[in-house]
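Here is the structure we will look at.
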Amino acid sequence: MRTNKKTTCNCNLFDFLTEEIIFTILDYLNDDPFAKKSFSLTCKAFYSIESHHRKTLKPLRAELLLRTLHRYPHIEHLDLTVCPRIEDSMLNVVSLACKDALCSINLSRSRFFTNIGLSSLVSSCFNLVEIDLSNGVELNDLAAAAIAEAKNLEKLWLARCKLITDLGIGCVAVGCRKLRLICLKWCLKISDLGVQLLALKCKEIRSLDLSYLQITEKCLPSILQLQHLEDLVLEGCLGINDDGLSTVQQSCKSLKTLNMSNCHNHSHVGLSSLINGAENLTRTYFSLWPFLSAQGRGDSLSFLVQGHKELRKLDITCCRMIMYDSVDSITSSCRSLTSLRMESCSLVPKEAFVLFGQRCQLMEELDVTDTKIDDEGLKSISRCSKLSSLKLGICMNITDNGLKHIGSRCSKLKELDLYRSLGITDEGIAAVTFGCPDLEVINIAYNDKVTDASLISLSGCSRLRVLEIRGCPHVSSKGLSAIAVGCRQLMVLDIKKCFNINDNAMLSLAQFSQNLKQINLSYCSVTDVGLLALASVNRLQNITVLHLGGLTPNGLAAALLACRGITKVKLHASFKPLIPKSLLVTSKPMAVYFIGEIKHSRSEYPPFLQVEMDTKGWKLHFGKSAEAP
């Protein structure tokens, strides 16, 4: 009698799959770096496959760049934004390791490289199509000339490269004929001549950002002759006025987006000359435009929107004098609107907000911060089932009842801002978290009725990335620990003035929140123990500590030395004379900002430890004047 014997196979079933099939599987893990890491550590074969599959790299430390590029030989997109010190030698390493595989590189937060390093990069990586050099305040025309050798370049960001002049831009225009996008925001030495050269030589430009340049209407005819131009940003270009716009004899029919925010020297009359004939215009930005208040009832805004009924995005932030008639005109004319920003439009009555839900049900993004919207308005807006971003900061007329409507009907909501909306309690937060499980960003700062119950509700939103609970005195370590356990993707956390949060919460964050990149601990009850626990979070880059009663100078120094990826620290000025000298002799590249009133000398610190006094808070670091109100 014959018996069937079962044969066992010890072969790896993955051996029967092609590399392309395994690559397709890995594509599904792109949003979960820990899953990818687990895959690569399974066996040597998987380790090799994952190294060849990775095309995007964002190294946490510059000193590991050579080893990392050796591990991943097929990198196409290199992001160095968390490596503040990138010298020419490191760019040479990149050029030798990546060669023709590299397509894009982001150096927008890196310094210390020069035209020599850039020249080495573009000569070896001749397939580069994207380069971001934003904030390169030390880059000059020689750097621009080096970039001009990148003949295949399509996208170039030069925001705040304040030493580059028309000469440098002329080199770029001549050398980079394939440019489709260029950003020259805050390049203050570029004039009409440089812009005209770009428009004359780079005929393929689709997106052009000229924000805050000292240009006039003289360059507009050249710009409007660009047959493929879709996005034009003229924000803060004060040299353009009505008289100049009235001389414009043509329009750009391909234009889809126009941003003229913060432009004070022209009205809707001049603007109409610019956009007349722009049949494809779908996005406009007019924030901080005083002309919208010139006629008292916002009639100028009605005039603009009635001529462009296909508008999809509209920004009228801080246009404070528009009223019901303007909202009526917007919602009547632009029924396909998907994004509307109207922060601080404080004269719009609460009845007007009902119109959005009645007429603009395709809305995906709505910013009504600091307005008179109430629960009836939210009830109407809840008809916008595609809503993904809703900003309700400083809206004193809304309550939990309004949020319940949003939670029950806007299941795609990903961002919610309730900053200082004092009518909101735990009940409203619970309604939103139950109905919107995919929430990624929430701000409930300075809401004194919010307690740990809200945080426990939010812990069910596993995709939460940004949580701001600053100034919520009734939340404690219990609630934050629940967030740490349930929200493993948390990246940004602000717990300033949450006095009941202590080391227990920091221990939970250290154990479960390995994606955390930025945290504000000011005025909490965290001590040396908690701060040292946070040092184990490898991705942590940015810490703000203005006052911690239980923190000692030695504890602070130990934590900063232990944080391997830290790049930026904000401390109260009183810490400066107390920081041990041992911290100052480390080779760790770190920017330390002291906030407060205390005299200092830059010479006390070595070059790699950049120290600045910041008596005006964040304004000094974003190109804003310290004297500005």
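The values are calculated or read from the model by the stated rules, or taken from the named source; none is laboratory data. Everything numeric in this text was worked out from a predicted model, so none of it was measured. Here the Cβ positions follow ideal geometry from the backbone for every residue, glycine too, while neighbour counts run over all protein chains shown. Note: accessible area is taken over every heavy atom of the protein model, side chains too, but ligands, DNA and RNA are not part of it. Shrake-Rupley method; radii C 1.70, N 1.55, O 1.52, S 1.80 Å.
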Residues in region 432-450: is at least one among the small types (Gly, Ala, Ser) and closer than 20 Å to residue 521 by Cβ? yes
So residue 209, is it charged (D, E, K, R) and either over 29 Å from residue 93 (Cα atoms) or surrounded by fewer than 20 Cβ atoms within 10 Å (Cβ to Cβ) (or both): yes
For residue 79, the lone unmet condition from (1) closer than 24 Å to residue 564 by Cα; (2) at pLDDT below 90 is (2)
Taking region 53-83, which residues are surrounded by fewer than 14 Cβ atoms within 10 Å (Cβ to Cβ) and either in contact (Cβ under 8 Å) with a residue 40 or more places away in the chain or assigned to a strand (DSSP E or B) (or both)? 56
Residue match in region 589-609 (condition: at pLDDT below 60 and in a strand (DSSP E or B)): yes
Subset of region 393-417, residues in a helix (DSSP H, G or I) and in contact with a Phe, Trp or Tyr (Cβ under 7 Å, 6 or more places away or on another chain), comes to 407
Please specify each residue of region 393-409 satisfying the condition of being within 24 Å of the chain's Cα centre (by Cα) and open to solvent by 30 Å² or more (accessible area, probe 1.4 Å). 394
Being within 26 Å of residue 200 (Cβ to Cβ), modelled with pLDDT under 70, open to solvent by 10 Å² or more (accessible area, probe 1.4 Å) and not basic (Lys, Arg) narrows it down to one residue among 250, 295; which is it? 250
Considering each of 366, 390, 337 in turn, give the residue that is under 25 Å from residue 418 (Cβ atoms), in contact with a Lys or Arg (Cβ under 9 Å, 6 or more places away or on another chain), in a strand (DSSP E or B) and open to solvent by less than 70 Å² (accessible area, probe 1.4 Å). 366
Taking the condition of a type in the set (D, E, K, R) and buried (at least 21 other Cβ atoms within 10 Å of the Cβ), does residue 412 pass? no
Please work out which residue is most open to solvent (accessible area, probe 1.4 Å), limiting yourself to region 127-141 and to residues that are at negative phi and not hydrophobic (A, V, I, L, M, F, W, C). 138
Residue ID - surrounded by the fewest Cβ atoms within 10 Å (Cβ to Cβ), chosen from residues in region 26-52 that are under 19 Å from residue 464 (Cα atoms) and not hydrophobic (A, V, I, L, M, F, W, C): 31
The number of residues in region 84-116 that are in a loop (DSSP other than H, G, I, E, B) and closer than 20 Å to residue 147 by Cα is 11
For region 142-164, which residues satisfy the criterion of being open to solvent by 40 Å² or more (accessible area, probe 1.4 Å) and aliphatic (A, V, I, L, M)? 142, 163
Residue 149 passes all but one of the listed conditions (1) in a loop (DSSP other than H, G, I, E, B); (2) touching a Cys at 6+ places or on another chain (Cβ under 8 Å); the exception is number (2)
For region 550-571, pairs from a residue that is within 24 Å of residue 110 (Cα to Cα) to a residue that is small (Gly, Ala, Ser) and outside any loop (DSSP other than H, G, I, E, B), with Cβ under 6 Å and 6 or more apart or across chains, are 568/591
Please determine whether any residue of region 498-515 is at positive phi and more than 20 Å from the chain's Cα centre (by Cα). no
Of all residues in region 107-126, which are open to solvent by 10 Å² or more (accessible area, probe 1.4 Å) and over 23 Å from residue 189 (Cα atoms)? 120, 123, 124, 126
Counted residues in region 212-225 being touching a helix residue (DSSP H, G or I) at 6+ places or on another chain (Cβ under 6 Å) and either buried (at least 18 other Cβ atoms within 10 Å of the Cβ) or within 19 Å of residue 178 (Cβ to Cβ) (or both) come to 5
Would you mind stating whether residue 341 is free of Cβ contacts under 8 Å to residues at least 60 places away in the same chain, under 26 Å from residue 255 (Cβ atoms) and not hydrophobic (A, V, I, L, M, F, W, C)? yes
